Amino acid sequence: MVDVEKWLCRIMLLFLSFHSGTGGTQLTLTPPGFIETACFNSMFWMKLDESFLQKKYLRIEIINHAVVTVLPDKEVETRCGYVLSEDVWGNRIFRASFLGCHVTNERDERFTLTLNIKVSSFEDMRAPMTYQRVLSCPYFPWAPREIVCEENYMEVSVKTDVPVISDVETEDWMPALPETEKVAYQVWQLIFYSPSGRKTTVVSDASKLGYSFNNTLTRVFLRSPYSTNESEHSVANGVTMSTVSSTSMYKQRWLLLLIDTTVSCPADGTSFTDTVIRWTVPTMIPRLVLQAHTFTSLNVSMGVGGKRIENPEKFNYVLENNHTHVGITIPIGAFGGRFKSTVSNGIYGMTWSIDLFLEHTWSDTDWQLTKYTVIKPITTPFMPQIPTVVNNTIPETRVFDVMLGVFLPDVTLVILTIGGIPLTLKEAEQKNYKISDTPFPTGMKGFKLEVPFDDPIVQKEYVNKNETKYNLRVNYTLNVGPEKKLYHHFADIECIIADIVLPEGTGYCDKANMYLVLPTKDIYKYWSLHVGNRPLNQATAFADGYFLTANDTHLVLQVPVFAPGIIYEEVSFERIQARFDLTLKKIITMETVNVFSIRCSFYFLEFVVCYPNGIMTVSAVMKTVPSIDMSKTRLKDRTCKPKEFTKERAFFQFHVSTCGTLVKFEGDHLIYENEISFERGILPVQGPPTITRDPEYRLTVFCYYSFKETLTQRATIFGSASEIPQSSGFGPIMTRSNIAGHRRVRQALNVMANIFTDESFTETYGKHSVPSIYLWEPMLLEVQLKDEAPGMELYLDNCWITESEEFNSISQWKFIANGCEDQTNGFVNFYSVLKSDRVKYPKHFKRVGVHILNLPLRKVYFHCTVTVNISPCVSLNSLPCKQCGFGRKLDQHSETLPINHGYVVAGPILILHPDQIKEMATHKS
Ligand SMILES: *[C@@H]1O[C@H](CO)[C@@H](O)[C@H](O)[C@H]1NC(C)=O
Ligand SMILES: *[C@@H]1O[C@H](CO)[C@@H](O)[C@H](O)[C@H]1NC(C)=O
Ligand SMILES: *[C@@H]1O[C@H](CO)[C@@H](O)[C@H](O)[C@H]1NC(C)=O
Ligand SMILES: *[C@@H]1O[C@H](CO)[C@@H](O)[C@H](O)[C@H]1NC(C)=O
Ligand SMILES: *[C@@H]1O[C@H](CO)[C@@H](O)[C@H](O)[C@H]1NC(C)=O
Ligand SMILES: *[C@@H]1O[C@H](CO)[C@@H](O)[C@H](O)[C@H]1NC(C)=O
Ligand SMILES: *[C@@H]1O[C@H](CO)[C@@H](O)[C@H](O)[C@H]1NC(C)=O
């Protein structure tokens with residue numbers, strides 16, 4: 001063969017120079033290693049390298065003079081004894097039986113086959129490269145019977161040197177036998193035995209049934225597909241065998257030749273475990289051995305990929321045979337086999353394949369020697385191999401490091417879909433993601449992907465207190481195996497690291513304020529600030545009387561000690577210990593992350609502190625001249641005495657449900673009111689009051705609780721939350737005495753009310769007499785703010801008439817509601833106030849006339865809640881300022897400031913009704 005090849009090369013070189021550029025059939029010099037040929041048993045064997053055929057189309061032409069047979073063609077291959085298949089490495093393998101079509105047979109000793117190998121890049125085989133091969137093999141001697149079980153056919157050939165049937169010397173027969181070759185094969189007849197009966201055909205008819213039958217110089221052969229109508233499946237030692245039982249018959253006048261051309265091949269016999277492939281074939285095939293007791297197994301050998309293996313144990317193969325089976329056990333993954341990746345139902349997995357053959361020779365009396373060859377490519381069932389995602393991320397590097405594996409080398413990564421964006425590997429690399437094929441020592445590989453945490457494609461979420469969750473979602477698209485099937489694998493990797501620095505606050509205090517300083521970095525990105533459950537921003541800060549400032553790096557919050565939101569931890573005669581909590585909450589979940597607390601002690605002489613649990617704490621200052629004995633001060637309920645006192649101050653603490661405290665709803669507020677008064681020493685102790693030396697001392701104290709504000713964490717500080725107010729209140733102190741006090745502390749408004757005799761508002765009714773007016777006369781009320789700065793303006797919020805002095809007595813006749821005249825009960829009219837001797841600052845006065853014609857009362861008191869604000873009229877260019885219309889609603893925010901609220905009562909006045917007048921008249925007369 002080698003000689004032939006050299007010779008061919010020379011021819012081809014010549015051809016090259018002749019045919020270049022003609023566009024016709026070109027004979028080309030074979031690339032080295034592309035074609036490998038060998039003689040294998042009674043077959044030609046040729047391998048065409050996979051690397052050369054990639055993405056190309058192959059055609060093999062069998063040439064016999066003018067006749068050209070073209071492969072691939074499954075039917076022709078089976079009929080002619082050819083196999084064109086692929087080995088486990090993807091190389092194309094061509095095998096042809098020496099007894100196949102178009103084989104030149106020289107005396108059954110040398111066999112030659114000529115073929116053209118055509119390779120084209122086009123499916124229609126345009127412009128092919130053509131390589132011619134002449135395969136030539138010697139084969140001698142043949143065994144009397146040779147059986148080949150190929151992938152696609154079974155073939156039996158037998159010597160026509162018929163078995164000895166008598167002891168008679170056969171010399172005389174011999175000269176006649178060569179004649180058989182010259183006899184037209186049609187003279188032969190075939191008798192098939194099948195379960196359905198016996199069928200005798202001439203050779204041409206047998207060919208129509210799919211069989212090939214012919215004779216050579218010394219042999220006849222029958223080739224059969226695995227499944228024909230005449231074939232029979234039977235089980236021998238547990239292995240299914242496909243058998244065609246036949247007798248070939250040659251008749252010539254006085255000569256009758258009967259030859260058993262039965263062929264039987266295994267149709268299965270493979271089994272698999274996780275680790276091995278087993279293949280068994282019966283040692284003795286009953287249909288091929290008629291006299292079992294004469295059977296002797298002579299030799300068993302095996303081969304892999306067309307090569308005989310002399311020492312199977314060297315490759316961990318196990319070849320065993322006993323009197324029932326010949327068995328081959330191959331560990332999966334052993335030498336000679338190959339893993340292949342594939343995708344089945346969307347699942348990645350692999351198969352392992354190996355091309356085996358088995359050769360068994362035996363003897364028996366009928367056939368002397370039989371050579372039995374089975375060629376069997378074996379592939380394991382699909383073995384799922386779920387890839388895993390290995391997270392090799394080292395958080396400190398802030399780079400996701402993800403490995404997807406393990407895969408066979410026949411898997412390639414084609415597309416990465418990260419965060420929903422499909423990227424080719426090139427695009428991914430342009431985005432600075434690192435992708436690499438990582439080989440493992442086992443020969444497998446993985447795909448390593450690196451993506452920085454800070455890449456926009458990575459999802460980020462603020463979690464827990466100071467952590468960020470980085471989330472990388474990758475959908476890998478892989479090309480799998482020789483078939484390049486698409487496979488998707490999804491990986492969701494997250495990494496949580498504490499990389500958020502929580503702001504740290506610092507606090508400090510002055511005499512009347514607490515301050516909190518916070519760095520502003522990231523604050524509004526992740527968090528919001530809250531006081532209680534109210535968010536802190538410029539508007540709410542302003543409304544609560546806080547002062548919020550910020551520079552580039554820090555914010556500073558100033559909180560006055562009596563502002564809402566303050567928690568009073570200790571209120572005593574000596575000091576007020578107050579705390580302010582600012583809560584840092586996550587914007588998304590509103591979860592509290594941190595609470596900044598400042599705690600300070602303050603020293604005030606006069607104050608009211610209203611606890612959320614309804615405890616009122618009041619420190620009252622002695623303001624009278626001559627001084628009074630503060631120990632004798634009392635609440636409305638005279639049994640409620642100061643808890644502590646000095647010469648200058650008295651300290652009361654009581655619950656709003658005790659000590660005669662009055663309660664009232666107003667707008668959004670619950671208002672509790674009590675009064676601190678002094679029991680004047682009156683002489684004589686019994687009898688009508690006459691002389692008193694002690695000055696009058698009366699302080700009204702209030703607690704306002706907003707019932708809009710329901711939640712308060714402060715209640716917990718004082719233990720059991722009370723049933724009454726839910727929020728911390730604030731409370732002004734009203735000096736009801738008209739005796740000028742000392743320098744007032746900020747909480748108390750000095751407001752007084754008087755009833756005037758006429759609309760000039762110059763003369764009040766005498767102090768010690770009870771004024772009386774006629775029902776048809778207007779009642780003229782003036783409310784005056786004392787001791788305030790000129791810029792402040794007094795407003796009447798709500799005013800009403802009752803029969804009693806009590807703040808919350810029922811049966812009220814409203815005449816001013818929310819700062820405006822309420823005309824529902826009668827006629828109400830504001831009077832303008834001009835500067836005069838008595839009126840230094842008109843804005844400190846409000847005058848109102850009330851005329852209620854059907855008032856059923858005989859004695860009335862006027863009640864007013866008031867507000868003092870910076871006058872908006874100043875900023876509005878001193879427009880004439882009426883009570884309504886301007887001002888009141890301009891500045892809603894400051895309404896909640898405790899300093900601005902007050903309350904006055906005036907009265908009583910006797911109302912003279914017409915019937916009384918008649919009475920008086922009759923009385924007089
Ligand atoms: C096999 O048998 C079936 C049914 O008897 C028949 O239709 C078919 O043609 C036969 N095949 C051959 C190749 O003779
Ligand atoms: C049988 O063999 C002869 C000689 O090789 C050949 O000419 C003939 O075509 C063959 N017949 C068949 C049916 O293959
Ligand atoms: C013969 O070999 C086969 C396959 O190796 C095995 O299954 C069987 O048990 C063996 N029989 C005996 C009798 O050892
Ligand atoms: C991954 O991509 C494939 C193809 O686009 C899609 O069918 C599959 O649902 C994706 N997997 C996930 C988890 O998104
Ligand atoms: C990936 O690894 C990092 C670092 O070891 C770890 O913090 C993270 O929880 C891991 N993520 C997953 C999804 O396993
Ligand atoms: C995050 O918080 C944990 C516990 O709350 C703390 O141990 C850790 O030091 C914090 N890390 C940073 C960076 O602030
Ligand atoms: C911002 O205010 C803080 C707190 O008052 C102060 O410490 C810091 O120096 C100020 N920064 C600038 C840039 O003014």
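The values are calculated or read from the model by the stated rules, or taken from the named source; none is laboratory data. Note that the coordinates shown come from a computational prediction; the quantities given were computed from them, not determined experimentally. Here the Cβ positions follow ideal geometry from the backbone for every residue, glycine too, while neighbour counts run over all protein chains shown. Heavy atoms of the whole protein, side chains included, go into the accessibility calculation; ligands, DNA and RNA do not. Shrake-Rupley method; radii C 1.70, N 1.55, O 1.52, S 1.80 Å.
Observations
- Exactly one residue out of Asp544, Asp522 is among the charged types (D, E, K, R) and either crowded, with 17+ Cβ neighbours inside 10 Å or within 16 Å of ligand 3 (Cβ to nearest atom) (or both), and it is Asp544.
- Filter result (open to solvent by less than 30 Å² (accessible area, probe 1.4 Å), in contact with a Phe, Trp or Tyr (Cβ under 6 Å, 6 or more places away or on another chain) and assigned to a strand (DSSP E or B)) within region 262-314: Gly303
- Among all positions in region 522-533, there is no residue which is within 16 Å of ligand 5 (Cβ to nearest atom) and not assigned by TED's automatic domain parsing to the domain that holds Val414.
- Subset of region 238-261 (residues that are in contact with a helix residue (DSSP H, G or I) (Cβ under 9 Å, 6 or more places away or on another chain) and open to solvent by 50 Å² or more (accessible area, probe 1.4 Å)): Lys251, Gln252
- Among the conditions (1) surrounded by fewer than 18 Cβ atoms within 10 Å (Cβ to Cβ); (2) in contact with a Lys or Arg (Cβ under 8 Å, 6 or more places away or on another chain); (3) without any contact (Cβ under 8 Å) to a residue 60 or more places away in the chain, Glu109 misses just one, which is (2).
- Among the strands (runs of 3 or more DSSP E) confined to region 817-925, the ones with at least 1 residues that are modelled with pLDDT under 80 and not assigned by TED's automatic domain parsing to the domain that holds Cys703 are located at 859-870, 901-912.
- Restricting region 483-516 to residues that are buried (at least 16 other Cβ atoms within 10 Å of the Cβ) and within 16 Å of Asn551 (Cα to Cα), the residue that is nearest to the chain's Cα centre (by Cα): Pro503
- The set of residues from region 436-456 being open to solvent by 30 Å² or more (accessible area, probe 1.4 Å) and either under 23 Å from the mean Cα position of the chain (by Cα) or of a type in the set (S, T, N, Q) (or both) comprises Ser436, Thr438, Thr442, Lys448, Glu450, Pro452, Asp454, Pro456.
- Residue ID - nearest to ligand 1 (Cβ to nearest atom), chosen from residues in region 315-328 that are open to solvent by 20 Å² or more (accessible area, probe 1.4 Å) and part of a strand (DSSP E or B): His325
- Residue match in region 642-650 (condition: modelled with pLDDT of 85 or more and within 49 Å of the chain's Cα centre (by Cα)): no
- Selection count, region 83-133, where residues are of a type in the set (A, V, I, L, M) and either within 30 Å of Leu408 (Cα to Cα) or outside the structural domain of Thr69 (by TED's automatic domain parsing) (or both): 5
- Test for Arg59: is it basic (Lys, Arg), open to solvent by 20 Å² or more (accessible area, probe 1.4 Å) and modelled with pLDDT under 50: no
- Of the numbered criteria (1) part of a strand (DSSP E or B); (2) open to solvent by 50 Å² or more (accessible area, probe 1.4 Å); (3) touching a Lys or Arg at 6+ places or on another chain (Cβ under 8 Å), the one Ser234 fails is (2).
- In region 623-639, the residues that are β-branched (Val, Ile, Thr) and open to solvent by less than 60 Å² (accessible area, probe 1.4 Å): Thr624, Ile628, Thr633
- Against the numbered list (1) open to solvent by 20 Å² or more (accessible area, probe 1.4 Å); (2) away from ligand 2 (no atom under 16 Å from the Cβ), Asp205 comes up short only at (2).
- When Asn594 is tested against (1) modelled with pLDDT under 85; (2) surrounded by 14 or more Cβ atoms within 10 Å (Cβ to Cβ), exactly one condition is not met: (1).
- Flag for Glu429 being open to solvent by 50 Å² or more (accessible area, probe 1.4 Å) and either under 30 Å from Trp527 (Cα atoms) or in contact with a Cys (Cβ under 7 Å, 6 or more places away or on another chain) (or both): no
- Region 337-349, residues that are outside any loop (DSSP other than H, G, I, E, B) and open to solvent by 10 Å² or more (accessible area, probe 1.4 Å): Arg338, Phe339, Lys340, Thr342, Val343, Ser344, Ile347
- With a requirement of 3 or more residues that are closer than 30 Å to Leu408 by Cα, the strands (runs of 3 or more DSSP E) lying completely within region 473-589 that satisfy it span 485-497.
- In region 464-476, residue farthest from Lys340 (Cα to Cα) [restricted to those that are open to solvent by less than 20 Å² (accessible area, probe 1.4 Å) and away from ligand 4 (no atom under 16 Å from the Cβ)]: Thr468
- Unique residue being at negative phi and either in the same structural domain as Lys485 (by TED's automatic domain parsing) or touching an Asp or Glu at 6+ places or on another chain (Cβ under 7 Å) (or both) when the list is Pro331, Pro395: Pro395
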